[in-house]
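Asks: Here you go, one structure.
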Amino acid sequence: MKEFHLDRATLYRNGILILVLVSIALIVHEIFGQNGYLALRRQQKELQTLQQQIQQLKQENAQLDKQIKALKSDPAAIERLAREQMHLAKPGETIYTLPNKAPENPPPPPAPQDSPPKR
């Protein structure tokens, strides 16, 4: 009778151990799995970035629509754009053009050359 009792206790302990291991495996899968918590956070960040890009593109589209309407109807806007792009000037005006941006990483100054020692 004692052998049966020990077997029952061993089965109970092994059953508990298996349940704990399965629970740990499920928790790890829920966190690190393909559709787990970390993947959800990554997708939320990507969604937020895409929504910001969409908002910026909508603003840019609105500005471009405004510019298109102005170019279709406003002679002053047409003149301003033509003068900027073609560097045109009215009689008596002087145009000053500035260079575009300076390079971000200017080339390093040349290294000083050492002269050979005199004998």
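Nothing in this text is a laboratory measurement; each read-out follows from the coordinates by a stated rule. The structure presented is a predicted model; accordingly, all values stated were derived computationally and were not measured. With ideal geometry, Cβ positions are generated from the backbone for all residues, glycine too; neighbour counts draw on all protein chains shown.
Asks: Checking the a/c ratio against 1.5 first, then a/b against b/c, what shape does the Cα gyration tensor give for segment 39-89?
Replies: Verdict is prolate for segment 39-89.
Asks: Which of 55, 67, 87 sits farthest toward the positive end of the charge dipole of segment 39-89, with +1 on the Cβ of Lys and Arg and -1 on the Cβ of Asp and Glu?
Replies: The listed residue farthest towards the positive side: 55.
Asks: What does the charge count near residue 31 come to, summing +1 for each Lys or Arg and -1 for each Asp or Glu among other residues with Cβ under 14 Å from its Cβ?
Replies: +1
Asks: What net charge is computed for the residues neighbouring residue 76, neighbours being all others with C-beta under 15 Å from the C-beta of residue 76, Lys and Arg scored +1, Asp and Glu -1?
Replies: +3
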